[in-house]
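Every number in this text was worked out from the coordinates using simple rules, so none of it is lab data. Model, not experiment: these values are computed from the prediction. Cβ placement follows ideal geometry from the backbone for every residue including glycine, while neighbour counts extend to all protein chains displayed.
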Amino acid sequence: MQSYLNRNISALYIIKISKWFNMVMPVVVLFYNDNGMGMHEIFILKSIYSIAIVAMEIPSGYLADVWGRKKTLLFGSILGASGFLMYSFSYGFMAFIIAEIILGIGYSFISGADSAMLYDSLKASGNEKKYLKQEGRITSVGNFAEALAGIVGGLLATLTLRTPFFFQTVIATAAIPAALLMVEPYTHAKKHAHSVKKLILAIKSTLTKNKNLRIAVLFSALTGTATLTFAWLVQPFLKEVDIPVAWFGIIWTLLNVTVGLASVFAYKFDKKTGSLKSSLLILVLISLGFIFSGLFIIRVGIVFLFLFYVFRGIATPILKNRINQHTDSEIRATILSVRNFVIRINFAVIGPALGYLTDNLSLQSAFIFAGCIYFIATLFTILPWLSKKVKL
């Protein structure tokens, strides 16, 4: 039992690294430009990628629950490698669209299934209380991988702009044997929903009756939206305070290292403060991170970017753990996919609004608006916990 648990955890580390060690990101716009594309076409590509994720997020979670976590992770890993392989040998806009769709679907099949595999592997061996600690470590490794990839990708691009894609294909391919070596855990589930209709009824019934789970999913999704939104405001912030372009990659790397370090200690933070206090602190600190970053758009204000990334590193594994604690194994991956689905939908709504505020008012207004919206929406969501009408 312990041997397969260790094997699954090791495989999840490899899959996380293959997913987050993205050497393409630092030079992807230059790559597109080199292939005759302007910003309009680039944003169309990224929109298609997001649509592919949203369209398959919940169905992929369903498949993880009824088909198995291992098979779903394997399929997602194969698609991830295939997407980068296609990019490596493609030159046209239509080919890039197909590659983005493949990558988006592949991402959705891994998202949710990885956390469900971790929790159920620990649960099968009676170690589910260690989930938060393990999730924090895996999240940390992912952030460190993303940080290192930024430096490596930039160096590889000095050879050719296509070189990072070749190496990225190799990294993505490493997830395939890792998924093959996994063992499907016994989940203690009484029964599985074997049809879409049964699944929908199970989700509806679970979220309606289980108030803790409903709050946990919305809380985690709102916080996920906030951290995703903040990430898109970092580069405008650095540009606004006249940071040299050469420093962008270095600061981005340091921010991801900060998230990684904070994730490692998330379980200690939650244990020391307690579930209720840690939830309240996440709400307040994430909100203040937005507001202070907006109020201090000067070079010294970069410290607030780093503080926000500390809170992000703490919040992500803690809030995923809240969901897992209140979810039955037979729909765990689906519920985690619902969380990711809500994040993407929320971002699709608030992203354009913040872009409009940045272009027509100021970056400061976008930061403060985002912080206030997050605080109000999240406070309303967790109010039953704070008022103790629902026992956390």
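Taking the number of other C-beta atoms within 10 Å as the exposure measure, put VAL338, VAL183 in order starting with the fewest.
Numbers: VAL338 22, VAL183 16.
Starting with the residue having the fewest Cβ neighbours, the order is VAL183, VAL338.
The order of the peptides 50-60, 83-93, 218-228 by mean Cβ neighbours within 10 Å, most packed first, is 218-228, 50-60, 83-93.
Using only side-chain charges placed at the Cβ, +1 for Lys and Arg and -1 for Asp and Glu, the dipole size of the stretch 203-386 relative to its Cα centre rounds to 700 debye. Span-like helix criteria (full DSSP H runs; alpha carbon extent of at least 15 Å along the helix axis; mean Kyte-Doolittle hydropathy of at least 1.6) are satisfied in the chain by 93-110, 248-264, 275-295, 363-386.
The label point for LEU159 and the one for ASP359, both projected 7 Å from the Cα toward the Cβ, are 3.8 nm apart. Each Lys or Arg adds one and each Asp or Glu takes one away; over the other residues whose Cβ falls under 12 Å from the Cβ of TYR32, this sums to -1. When you restrict to C-alpha pairs under 8 Å that are six or more residues apart and normalise by the size of the chain, the relative contact order lands at 26 percent.
The ranking of THR163, THR381 from fewest to most other beta carbons within 10 Å of each one's beta carbon is THR163, THR381.
Among ARG7, ARG344, a tally of other beta-carbon atoms within 10 Å of each Cβ gives an order, fewest to most, of ARG7, ARG344.
Springs join every pair of Cα atoms under 10 Å in this Gaussian network model of the chain, and among ALA172, ALA95, ALA315 the largest mean-square fluctuation is at ALA95.
Between THR273 and LEU379, the contour length at 0.36 nm per residue exceeds the Cα-Cα span by 36.3 nm.
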